[in-house]
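Colleague: The following block contains the structure, expressed as structure tokens.
The values are calculated or read from the model by the stated rules, or taken from the named source; none is laboratory data. Only a predicted model underlies this, so the values are computations on that prediction, with no experimental measurement involved. Every residue, glycine among them, receives a Cβ derived from its backbone with ideal geometry; neighbour counts consider all protein chains shown.
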């Protein structure tokens with residue numbers, strides 16, 4: 001077969017045959033696991049200068065260590081993370097994805113690594129419940145469960161979605177929206193780091209479990225990940241990490 005024909009055949013195979021997710025054995029042979037996250041969601045995953053840090057980053061590093069692996073981290077926009085997982089560009093997504101029935105059709109969720117929920121935040125203390133969102137403009141992050149849940153609230157005037165959660169928060173602070181819906185711990189961190197911003201935290205809009213995502217059809221990797229997470233929760237290392245970031249244990253208790 002001539003070189004051009006060889007190249008053509010290879011390209012046709014890539015298109016037709018597709019790719020497969022790396023098994024646990026393949027990852028172990030490589031010695032490292034590739035984990036993707038957003039890098040723009042403090043305190044869970046964010047950058048301090050060039051360094052990727054946060055609760056989920058440290059958690060991912062610790063889980064990989066218990067699996068006998070190093071980590072190669074990837075960071076990109078939140079709404080591209082699960083698409084890249086399905087394309088086998090990484091092995092795990094660890095980016096505060098809430099478990100939903102719709103997402104579970106596309107990926108395998110691991111055991112949850114924390115439980116939280118979407119809370120209502122405003123500059124006006126009167127905007128604190130779902131009822132008070134009537135005739136209001138609400139900011140959320142694109143591709144998030146906050147967007148899905150705000151759309152279910154009757155009477156909301158407009159839902160504005162932003163590429164990053166920090167953009168949604170800025171829209172509230174700058175008076176472009178009336179409320180911002182985000183994760184409880186994200187909101188607490190924002191209020192702690194910006195005490196003069198005037199943010200007022202209201203009630204939960206909904207509660208959810210947060211898990212890592214693995215491509216469907218890769219049960220050995222999912223089982224190994226769950227075993228390492230369970231070991232962390234049993235030996236106290238998870239609690240210590242949770243206390244470091246949240247001054248409390250944020251594992252799911254229900």
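Colleague: Scan (1) part of a helix (DSSP H, G or I); (2) assigned by TED's automatic domain parsing to the domain that holds residue 161; (3) farther than 22 Å from residue 209 by Cβ for the single condition residue 129 breaks and write down its number.
Modeller: The failed condition is (1).
Colleague: Continuing with the same structure: Within segment 224-244, track down each residue that is surrounded by fewer than 15 Cβ atoms within 10 Å (Cβ to Cβ) and within 14 Å of residue 110 (Cα to Cα).
Modeller: Scanning segment 224-244 gives 227, 230.
Colleague: Going by the structure shown, is residue 197 farther than 18 Å from residue 169 by Cβ and either part of a loop (DSSP other than H, G, I, E, B) or modelled with pLDDT of 95 or more (or both)?
Modeller: Answer is no for this residue.
Colleague: Consider residue 90 against the criteria (1) modelled with pLDDT under 95; (2) surrounded by 16 or more Cβ atoms within 10 Å (Cβ to Cβ): it satisfies all of them except one. Which criterion is unmet?
Modeller: Here residue 90 meets the rest and fails (1).
Colleague: If you go through segment 69-86 one residue at a time, do you hit one that is part of a helix (DSSP H, G or I), modelled with pLDDT under 95 and farther than 20 Å from residue 142 by Cβ?
Modeller: no
Colleague: Separate question: Considering 94, 133, 147, 81, which residue is closer than 24 Å to residue 207 by Cβ and in contact with a helix residue (DSSP H, G or I) (Cβ under 6 Å, 6 or more places away or on another chain)?
Modeller: Of 94, 133, 147, 81, the one residue that is closer than 24 Å to residue 207 by Cβ and in contact with a helix residue (DSSP H, G or I) (Cβ under 6 Å, 6 or more places away or on another chain) is 94.
Colleague: For segment 47-54, indicate whether the set of residues that are touching a helix residue (DSSP H, G or I) at 6+ places or on another chain (Cβ under 7 Å) and at pLDDT 95 or above is non-empty.
Modeller: no
Colleague: Can you confirm whether segment 30-37 contains a residue that is without any contact (Cβ under 8 Å) to a residue 24 or more places away in the chain and not in a loop (DSSP other than H, G, I, E, B)? Full working, then the answer.
Modeller: Applying the first criterion (without any contact (Cβ under 8 Å) to a residue 24 or more places away in the chain) to segment 30-37 yields 30.
If we keep only those that are not in a loop (DSSP other than H, G, I, E, B) too, we end up with 30.
Yes, segment 30-37 contains a residue that is without any contact (Cβ under 8 Å) to a residue 24 or more places away in the chain and not in a loop (DSSP other than H, G, I, E, B).
Colleague: Quick one: residue 95 ticks every box in (1) assigned by TED's automatic domain parsing to the domain that holds residue 58; (2) over 21 Å from the mean Cα position of the chain (by Cα) except a single one, so which number is it?
Modeller: Looking at each condition in turn, residue 95 falls short on (2).
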